[in-house]
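**Q** Quick one: the structure is below, and I'll ask about it shortly.
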Amino acid sequence: MGRLRGHGTSDHGENLALILIDFDNLSQAFANTATEKGHRIIMSMVSELRRYLAEELRIKPVRAVAYGDFGGHGEDASSVMSALASAGVETRHVPSGIQGTNTCMTLTIDGTELLHARPDLSAFVVLSGNNWYVPFIQHLQRFGKFVLVAALDLPPSISQLWSEVSDAFLNGRFLLDSSDRDSIALRRRGTQTGEQPVDDPQERAPKETHRVEDAGAFRTLELIDEFFGQYEEVYLTPLLRKMSEMLDEDDGEPKDLVNLLQDAGVVWLEKRRGFPYDYTVLMVNEKHPDVVDVRAASADYDMDDYPAEYDDDDDVEDHEYENSEA
């Protein structure tokens, strides 16, 4: 992702963000799901994106606008737009054009106008399915803005793009609940152009695995599933903090326990670029037998029965990203 460059902060020193949502393009990604479910998933993605910006990047979302032909999604347009309004999202009705170009053009024009009308905005965030807005990214970056495009289907050759542009992309699948990821039927551009599609993160999982024998390490795996199981990647710093709070001293040091899980092939660590520092995330090997067992066991419990003090709202990253490798 790109970095904030100190431009466009508010009078109070806050970094403010505008979220632009390509609603039509996102809806196409869920074409094989029920319309109502697809819209629920999009709402959930917007909510998680807001959380990610506010809590992980320390950017305050101040406005969100969705663009699309809302009456063309199998529901009455007013009901879709009302649902978005209830979630604090403004709507801009754009009649369908050839291959959805009307939505892209309107979103880009509005964003460009707001670039000049709202100098207090330091970040522009686009949420889409497989529209990438590369010229828009370049234009905003020339004005020193932080740009983030959260797309469900990233460019297949993203590593070959200019570093300034490739750094602006976020894998939109990280905004989905694990149950929702399975329902996506993306129209990959790679299948149309012959290019290789974006790899599945699980393809990078360790190939050599063995059962976790250390009790503290196994309790760590249970803790990861309980408090962070809804995320595809887990921020290392809040995880280590949660381990310090929840595990006994006899279980061992948090970093040592993560190392044991790595040695068993249960998890692996990856570096991410972020603001103001790069950071480390922990990925869970979904095919590891201990992971399968823990998730099967947790499925037998109603998570609503957990007491309020187990709410993980206090465990968000406070951006002390001195993330040393565990």
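The values are calculated or read from the model by the stated rules, or taken from the named source; none is laboratory data. The model shown is predicted, which means the values in this text are computed figures rather than measured ones. Virtual Cβ from ideal backbone geometry, glycine too; neighbours counted across all protein chains shown. These accessible areas exclude ligands, DNA and RNA; they are computed on the full protein's heavy atoms, side chains included. Shrake-Rupley method; radii C 1.70, N 1.55, O 1.52, S 1.80 Å.
**Q** Report every pair of residues separated by at least 6 positions or lying on different chains whose Cβ atoms are under 6 Å apart, first residue within segment 43-69 and under 15 Å from F146 (Cα atoms), second among the polar types (S, T, N, Q) and assigned to a loop (DSSP other than H, G, I, E, B).
**A** Here the result reads I59/N15, each pair linking segment 43-69 to a residue that is among the polar types (S, T, N, Q) and assigned to a loop (DSSP other than H, G, I, E, B).
**Q** Working carefully through the options V62, V94, V80, V89, find the one that is at pLDDT 80 or above and over 24 Å from the mean Cα position of the chain (by Cα). Step through it out loud before you land on a result.
**A** Numbers: V62 fails: over 24 Å from the mean Cα position of the chain (by Cα); V80 fails: over 24 Å from the mean Cα position of the chain (by Cα); V89 fails: over 24 Å from the mean Cα position of the chain (by Cα).
On inspection, the qualifying residue turns out to be V94.
**Q** Additional query: Could you figure out which of (1) out of contact with any helix residue (DSSP H, G or I) (no Cβ under 8 Å at 6 or more places or on another chain); (2) open to solvent by 70 Å² or more (accessible area, probe 1.4 Å); (3) modelled with pLDDT of 85 or more isn't true of A205?
**A** The number of the failed condition is (2).
**Q** What is the one condition in (1) among the hydroxyl-bearing types (S, T, Y); (2) under 20 Å from Y52 (Cα atoms); (3) without any contact (Cβ under 8 Å) to a residue 24 or more places away in the chain that S244 does not satisfy?
**A** Single failed check for S244: (2).
**Q** For a quick check of your reading of the model, give me the residue pairs whose first member lies in segment 208-222 and is under 9 Å from L260 (Cα atoms), whose second is aromatic (F, W, Y), with beta-carbon atoms closer than 9 Å and at least 6 apart or on different chains.
**A** V212/F218
**Q** Continuing with this model, one more query. Restricting segment 266-290 to residues that are buried (at least 17 other Cβ atoms within 10 Å of the Cβ) and either assigned to a loop (DSSP other than H, G, I, E, B) or of a type in the set (F, W, Y) (or both), which is modelled with the lowest pLDDT?
**A** Only one residue tops the list, namely F275.
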